[in-house]
């Protein structure tokens, strides 16, 4: 009876896990195969996909993606922390609901709607240029589309909702007695925040860094549509190689490198977290 | 509240102003795209000189959008339902049973949170191209289940943490079988959390783009993929109009869910202390 129940509860999930594993193994396997132009078949084993990766086109894509991921993580934390803090601590229910719905709606719109909306803001006839021109501040349009900054702003907007949710979860689990204790011992509001609230929300901050880094690394539509090919990233390169050249092996090896990079970044983060805890003496 | 009232006046003003500016940043593209969607001109330009509803009419008549919507509904319906069933089953098993490879299984199932969507999409595409499997709905649904399952699991866990185990024990001590306890006590008590998980999964699946781009064909093209293809071909504000429809529907669903269920509770961000 019990083992029957167990099989029913666990096997479907095991099947999905198998699907994930096999998909990732397929990518790994293809990254070591020779590309046969004009065909979906692949040739024998080779290391050429990886040894050719020193070329500047690949190096640029990786360094640029890494830079974008780090910048996005930093800026989305700076924007999301105050929002999450207000979301948890605001007293009025109506205001709480308003902040919640506004900050999480973008999460559910998907990459296309969000990115397209940013094109309407950043384009040469878009909101920013239109407004500045109407105010007589500029003659020609500022170039905001197809730039690193343009892509960065849109990526930050993409990650804010999920970071707000993670930080809000962490902040809402902080026991308020700690803050009151610090206060009654004479700490000012800023000191209470920096020495009590912020450290206690660290789990949320670390979870946010992980997720925001991974999401930015994964983003495809935003760098493709706003960067327009002039802001190269790993995802846009994988798509080009996979769909324009049908070079699945090279696309696969870029994916493997990307995965290794993400994994080492997350490992480093975990390492620093442990060090931080050791120093803090917890 | 004591902590707030002890703040100096400048900080009591600066805080709300900062929040207002940040909310404005989040809302800016939404507002701009809404205004742009009523522009009579065939390009995005600001501010609009004349207004029209033409682009909204085109949204509902453009065949790829109608087909894409249909495909998205099929894929979202199946993947969110199956993810909910699979996720709930697993969450219950993880909580109450011991089995081999539990941690490994969970680690693999959560990996799509950090594995780029294009990598998973490419993997599935390679598998399909190497086997005789057709690139039909099944493969897209499988792909979406992989991507939304971690979110369903999180939501089910949160509501299971708040579940009073004594209610299950009481039912069992009165002679209910494990299956009966599951269906008459555990699942009804979990219902709000399950609904939240399902809603989350459904909206995520409906909007998923990157992996869908790899695994769909012309016949299974989802709405976001159809939208992406539209932007590459046309520069008119039709997509702005579609974005507005998307935003209005999504915000309404979220506001209703918040009103009736308390999103804060489902998302586990209520201030408990």
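The values are calculated or read from the model by the stated rules, or taken from the named source; none is laboratory data. Remember, predicted model here, so these are calculated numbers, not experimental data. All Cβ positions, even for glycine, are placed from backbone atoms using ideal geometry, and neighbour counts span all protein chains on display.
Here are the numbers for the structure shown:
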item: Residue match in the stretch A:242-264 (condition: surrounded by fewer than 16 Cβ atoms within 10 Å (Cβ to Cβ), over 22 Å from the mean Cα position of the chain (by Cα) and assigned to a helix (DSSP H, G or I)); result: yes
item: Number of positions in the stretch B:99-117 that are more than 9 Å from chain A (Cβ to nearest Cβ) and in a loop (DSSP other than H, G, I, E, B); result: 1
item: Residues that are within 11 Å of another protein chain (Cβ to nearest Cβ) and without any contact (Cβ under 8 Å) to a residue 12 or more places away in the chain, drawn from the stretch B:179-205; result: B:179
item: Those residues of the stretch A:99-129 which are more than 19 Å from the chain's Cα centre (by Cα) and more than 8 Å from chain B (Cβ to nearest Cβ), in sequence order; result: A:122, A:124, A:128
item: In the stretch A:62-98, residue farthest from the other protein chains (Cβ to nearest Cβ) [restricted to those that are without any contact (Cβ under 8 Å) to a residue 40 or more places away in the chain and under 28 Å from residue B:240 (Cα atoms)]; result: A:98
item: Filter result (facing chain B (nearest Cβ under 8 Å) and either out of contact with any helix residue (DSSP H, G or I) (no Cβ under 8 Å at 6 or more places or on another chain) or in a loop (DSSP other than H, G, I, E, B) (or both)) within the stretch A:130-162; result: A:130, A:131, A:134
item: Given (1) at pLDDT 85 or above; (2) in contact with a helix residue (DSSP H, G or I) (Cβ under 7 Å, 6 or more places away or on another chain); (3) within 26 Å of residue A:90 (Cα to Cα), number of the condition residue B:216 does not satisfy; result: (3)
item: Wholly enclosed helices (runs of 4 or more DSSP H) of the stretch B:206-273 bearing at least 1 residues at the interface with chain A (Cβ under 10 Å from one of its Cβ atoms) and without any contact (Cβ under 8 Å) to a residue 40 or more places away in the chain; result: B:223-233, B:238-261, B:263-266
item: Any hit, the stretch A:47-61, residues being assigned to a loop (DSSP other than H, G, I, E, B), modelled with pLDDT under 90 and facing chain B (nearest Cβ under 9 Å); result: no
item: Selection within the stretch A:231-263 - at pLDDT below 90 and either out of contact with any helix residue (DSSP H, G or I) (no Cβ under 9 Å at 6 or more places or on another chain) or at the interface with another protein chain (Cβ under 8 Å from one of its Cβ atoms) (or both); result: A:242, A:244, A:246, A:262, A:263
item: Residue tally, condition at the interface with chain A (Cβ under 9 Å from one of its Cβ atoms) and modelled with pLDDT under 85, over the stretch B:86-95; result: 0
item: Qualifying residue in the stretch B:120-129 (condition: surrounded by fewer than 24 Cβ atoms within 10 Å (Cβ to Cβ), in a helix (DSSP H, G or I) and more than 9 Å from chain A (Cβ to nearest Cβ)); result: yes
item: Selected residue [modelled with pLDDT under 85 and either farther than 22 Å from residue A:72 by Cα or in contact with a strand residue (DSSP E or B) (Cβ under 6 Å, 6 or more places away or on another chain) (or both)] from A:140, A:130, A:126, A:136; result: A:140
